[in-house]
Amino acid sequence: MDKFKIIIVEDVPLELRGTEGILKNDVPEAEIIGCANDERSYWTLIKKEVPDLLLLDLGLGGSTTIGVEICRQSKELYPKMKVLIFTGEILNEKLWVDALDAGCDGIILKTGELLTRSDVLSVMAGNKLVFNKPILDKIVSRFKSCINSQMMRQEAMVNYEIDEYDERFLRHLALGYTKEQITNLRGIPFGVKSLEKRQNELIQRLFPNGNGGVGINATRLVTRAIELHILDIENIEPDEE
């Protein structure tokens, strides 16, 4: 690969030296044209010369938002410049999402195999969403969990004979809607009495053995729907009215 220029943004001196060492030893094509330890010094550097790659730490001066904003603004001003996040924020998944939304080309967590030649060259080759193994492990785990949850929900919908109106009724009960409010939703062809009948039928289906002699109200019914994966607690949103 042809030589390319890098600016490193890192506020921990020891980690900066380690990153410089990795690049010099493993990526001889990389020319480090500057290092910055805060937002101000970064913008001073880039005004002098725009690099081909920005290697950016997210946590600067105790703030995790500064790195994301540097990424966002840099991508807006210099869209051809690659931005590779190299961060020790190994548990802050929301921060990773923010960095991706800000336009970064990849995220490398400072754990496990750290930064590798293949990571850097992959970004420089124009690949998007370049991740190292620690973050890939988390992504795969979340993906498997999501698929398993979807499969359990599909099975529950079949096993308990839940139709579109049952799901909408339960979902809006979970959101605190009254039956009167639910009847006013677009596409709901039922009155209050019909919804009361539907609620009783759902109770019979979801509690085939009763509830230990205890009455079942709307709250208990909704809780049961969540337990059975009929409702996805992370995706309970109202219909557009």
- [ ] Would you mind checking the tilt of helix 65-77 against the longest principal axis of the Cα atoms of the chain, expressed as 0 to 90 degrees and rounded to 10?
- [x] 70
- [ ] Quote to one decimal, in nm, the extra length available between SER141 and GLU29 on full extension: 0.36 nm per residue of separation minus the C-alpha distance between them.
- [x] 36.9 nm
- [ ] Could you tell me how many degrees, from 0 to 90 and to the nearest 10, lie between the Cα long axis of helix 164-174 and the main elongation axis, the longest principal axis, of the Cα atoms of the chain?
- [x] 80
Task: Mean ellipticity per residue at 222 nm, deg cm²/dmol - from DSSP H runs of n ≥ 4 across the chain, formula -39500 (n - 2.57) - done: -16000 deg cm²/dmol
- [ ] Compute the accessible area per residue over the range 131-228, keeping the other protein chains in place, probe 1.4 Å, unit Å².
- [x] 62
TODO: Using per-residue counts of other Cβ atoms within 10 Å, averaged over each peptide, order 64-77, 135-148 from highest down.
DONE: 64-77, 135-148
Task: Per residue value of the accessible surface for the range 14-66 (all protein chains in place, 1.4 Å probe), Å² - done: 53
- [ ] First select every other residue whose beta carbon is under 10 angstrom from the beta carbon of THR19; then total the charges, Lys and Arg +1, Asp and Glu -1.
- [x] -1
- [ ] Would you mind telling me the share, in percent, of accessible area of the chain contributed by carbon and sulfur at probe 1.4 angstrom?
- [x] 50
- [ ] Kindly provide the GluC sites (Glu not before Pro) of the range 96-163 that DSSP labels as loop, not H, G, I, E or B, and whose Cβ sees at most 16 other Cβ atoms within 10 Å.
- [x] GLU113, GLU161
Task: For peptides 29-38, 229-238, 102-111, sequence by mean Cβ density within 10 Å, most packed first - done: 102-111, 29-38, 229-238
TODO: Treating the angle as unsigned and between 0 and 90°, give the value, to the nearest 10°, between the Cα long axis of helix 192-206 and the longest Cα principal axis of the chain.
DONE: 80
Open item on the list: I'd like the distance between the alpha-carbon centres of the range 2-80 and the range 173-229, rounded to an integer number of Å.
Closed with: 55
Open item on the list: Give me the net charge for the shell around GLU113: Cβ to Cβ below 10 angstrom, other residues only, Lys and Arg +1, Asp and Glu -1.
Closed with: 0
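The values are calculated or read from the model by the stated rules, or taken from the named source; none is laboratory data. The model shown is predicted, which means the values in this text are computed figures rather than measured ones. So basically every Cβ, Gly included, is an ideal-geometry build from the backbone, and we count neighbours across all protein chains shown. Ligands, DNA and RNA are stripped out before the accessible areas are found, and what is left, the full protein with its side chains, is counted by its heavy atoms. Shrake-Rupley method; radii C 1.70, N 1.55, O 1.52, S 1.80 Å.
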